[in-house]
Each structure stands twice: as C-alpha cells, then as structure tokens.
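Below: the structure, in structure tokens.
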C-alpha cells in the first residue's frame, strides 16, 4: 500500500511538471533551429552555394538570407537575394519556416556595438522593425539590413507564449552569434 502511494505521488509530480518541461524544450528547440539556419547560411555564403545552379567560372553568386519581421512573429523567411540589395523582397522567398511549439518572435532589437561576450543588460529596443540577415560569398560575416540607417548587431528575442521565458539570438556584423537565456 505504501509503495502504491509513493508511486502515485511520484507520478503526479512528473505529470504535473510535464507541460512546463515541454514548453521549455520547445523554446530551446526552436531557437536552436533558427541558429542552425543562420549557421547554414554562413556556410552557403562561404562555400559559394547557388540556388540550385551548377557553378561555372562565370557563375553569379546569389546571397542568401533570413528575414525576421515582428508583424509576422510565427515565421521566418529564407530568401535568395536575387536583386543583391541585401534585404528581402517579396519575390525572393525560397521557403518559410513556421516557428512551432507556441514560440514566436517577441521583439527585434537593432543597435550599435557592444562587447559580444556580454550582451547589454537592458533589453530595451531602439527599433522593432524587420531585419534581413544576408551572407554573400566568400564572406562569413553577415550583412544586417533593417529600418535603422546604421547598426552593428541584431538581437532577436523568442518567447514561448505559455511561459514567461525568452531566449535571444544576437548576430553581430563581425559574424559572431550568441544565444542567451533571459
């Protein structure tokens, strides 16, 4: 009887914390997937990947990018920058990625330099506008394009809608990428 009672108590504790665990795991997973997409674009830019075209010595290399927009917080857009303007235009979309697990973009901060190893303490934003992150061959450094004229990094905040937790990905123009937990 005592063993059954202990088993029921342990089961109740585990089942009670399962939704919270699932939500935290989904937030971490989505942020890692976005990070993987950014890293993949760095490789595409450095490895001279083209949009399904076999390379010849005269091939024109198209930059690839990701587009984040707070007005559409549940998706990101992978695009091929065919007009080479370093920002997303409607006809350049290759694929959209839906952010799953109740995760969405909470805010986008564009700002001036900071030491990448110690992100700013304040999470206030200068701007919540959309940002395009493009990588052009042969450079592993991204080009960041947004609604501000000049900025050195973009910080993307992701929030799990059922939790009060966020994660952020900071992309610097030097190519450094940092994931932080709030």
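Where a number appears in this text, it was derived from the coordinates with a stated rule and is not lab data. Note that the coordinates shown come from a computational prediction; the quantities given were computed from them, not determined experimentally. Glycine gets a Cβ as well: all are built from the backbone with ideal geometry, and neighbour counts include every protein chain shown.
Structure summary
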read-out	value
Cβ-based exposure ranking for 158, 151, in which fewest neighbours within 10 Å come first	151, 158
Computed lengthening from residue 85 to residue 11, 0.36 nm per intervening residue step minus Cα-Cα distance	21.0 nm
Inter-site label distance for residue 43 and residue 152 at 7 Å from Cα along Cβ, in nm	3.0 nm
Distance in nm between pseudo-label sites at residue 141 and residue 173 (7 Å out along the Cβ direction from Cα)	0.8 nm
Simple label model, 7 Å out from Cα along Cβ direction - residue 74 to residue 93, nm	1.5 nm
Residue order, fewest to most beta carbons within 10 Å, for 76, 38	38, 76
Length released on extending from residue 181 to residue 163, taking residue separation times 0.36 nm less the Cα-Cα span	5.2 nm
